[in-house]
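The values are calculated or read from the model by the stated rules, or taken from the named source; none is laboratory data. For clarity, every value in this text was computed on a predicted model and none was experimentally measured. Every residue, glycine among them, receives a Cβ derived from its backbone with ideal geometry; neighbour counts consider all protein chains shown.
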């Protein structure tokens, strides 16, 4: 403890201020990260659902606007302040000149801002790619793999982009369908859930075509 007090007393007032700011922003950054992992305060307003992505294609200008908004979001600003203050503090502590420490801090902070703002875009791109692959099975015929209960969700086996895939499914009219029933995919409901209609009376056993 005495060593810590001695180290703190040996710092310049400017360096103490930057360390104090760095500690504050680090706590806020960790809190935001924990909140994001728990689903609290996520930036859902920037996310488009599968139906929105299919019905409202986003052009290049719109993507640029979304990225610009993410670049100046609260989360990216907190990331900038955290890395900026810590970088300046550590460089000052190592004897660097103030202007050099500020330059290094700006570089670290800007890098953190870009990385944090790119993460939602990358995650959205991965989600959109998955949705597009599933959307390719709309209109295809398949077969019920796991019984679909009345007004419930079961499992079907259908071809997506030429690959035989098992997806969660429910029927258009809510009727139950037994395993083996031939169905046609009507639309995509979620990233791994589709809506199907029966091709033949429920209970008819047949192989997938």
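No other residue among 101, 96 is at pLDDT 80 or above, in contact with a helix residue (DSSP H, G or I) (Cβ under 9 Å, 6 or more places away or on another chain) and part of a loop (DSSP other than H, G, I, E, B) apart from 96.
For the stretch 149-172, the count of residues that are more than 30 Å from residue 75 (Cα to Cα), touching a strand residue (DSSP E or B) at 6+ places or on another chain (Cβ under 7 Å) and either at pLDDT below 80 or surrounded by fewer than 13 Cβ atoms within 10 Å (Cβ to Cβ) (or both) is at least one.
Residue 107 falls short on exactly one of the conditions (1) modelled with pLDDT of 80 or more; (2) assigned by TED's automatic domain parsing to the domain that holds residue 80; (3) touching a helix residue (DSSP H, G or I) at 6+ places or on another chain (Cβ under 6 Å), and that condition is (3).
Residue pairs whose Cβ atoms lie under 6 Å apart, separated by 6 or more positions or on different chains, with the first residue in the stretch 93-108 and over 19 Å from residue 16 (Cβ atoms) and the second at pLDDT 90 or above, are 108/83; 108/87. Would you confirm, using the coordinates I've provided, whether residue 26 is under 30 Å from residue 102 (Cβ atoms) and at pLDDT 80 or above? Taking the combined requirement at face value, the residue satisfies it.
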